[in-house]
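Rule-based calculations on the coordinates, nothing more; no lab input. All figures in this text were calculated on a predicted structure; none of them were measured in a lab. Don't worry about glycine lacking a Cβ; one is built from the backbone with ideal geometry, like all the others, and counts go over all protein chains shown.
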Amino acid sequence: SQIRRELLTEPEIDILQESAIIEFGTLPGAHNFLREWADEYSFSSWALSWGAEEARHSLVQCRYLHEIGIEVRAKHAMYKREPYPMGENRAATLMMNIISESRAAEYYKTLARLTREPVLQKIWQLLGRDESRHARAFFVFCKELSDHAEENAVAAVQMAYVWLADRR
């Protein structure tokens, strides 16, 4: 399909640039997972796949921007996210990722519904599906940890409360 630049709005272009940079920022997250879970083969394998897919999310959005004459340099992403300190509980860290991936999925699905540009719509639909699948995988690993130890379930629920509490 051909990009129809005339259908894009300036706010969509701004959102696209910010999304590309934010997705670059997942690279430290993948590094952290590999560092924290070095002793757990199945999750480490998943983290490698997740990191590669998240990097592709940024690259596909950058390629789209390039096609419409806008360059995003990777160095901009380095200021978006610092590596976090190692967590005290893996289930809590996974819960944080379940929530953030779920939010990202809804974000992309909403953007796909709102754009009139068909190529960008397809990109955002695909990214929304990826993020939903990521949330589901993080949930599986979190549930496995929580099923084995009550303190993991408690830590996961506490993290959910921190991220989802109404702060009005």
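Considering only region 127-151, state which residues are in contact (Cβ under 8 Å) with a residue 40 or more places away in the chain, of a type outside the set (D, E) and more than 17 Å from T93 (Cβ to Cβ).
L127
So which of R133, R129, R167 is under 30 Å from Q17 (Cβ atoms) and not in a helix (DSSP H, G or I)?
Of R133, R129, R167, the one residue that is under 30 Å from Q17 (Cβ atoms) and not in a helix (DSSP H, G or I) is R167.
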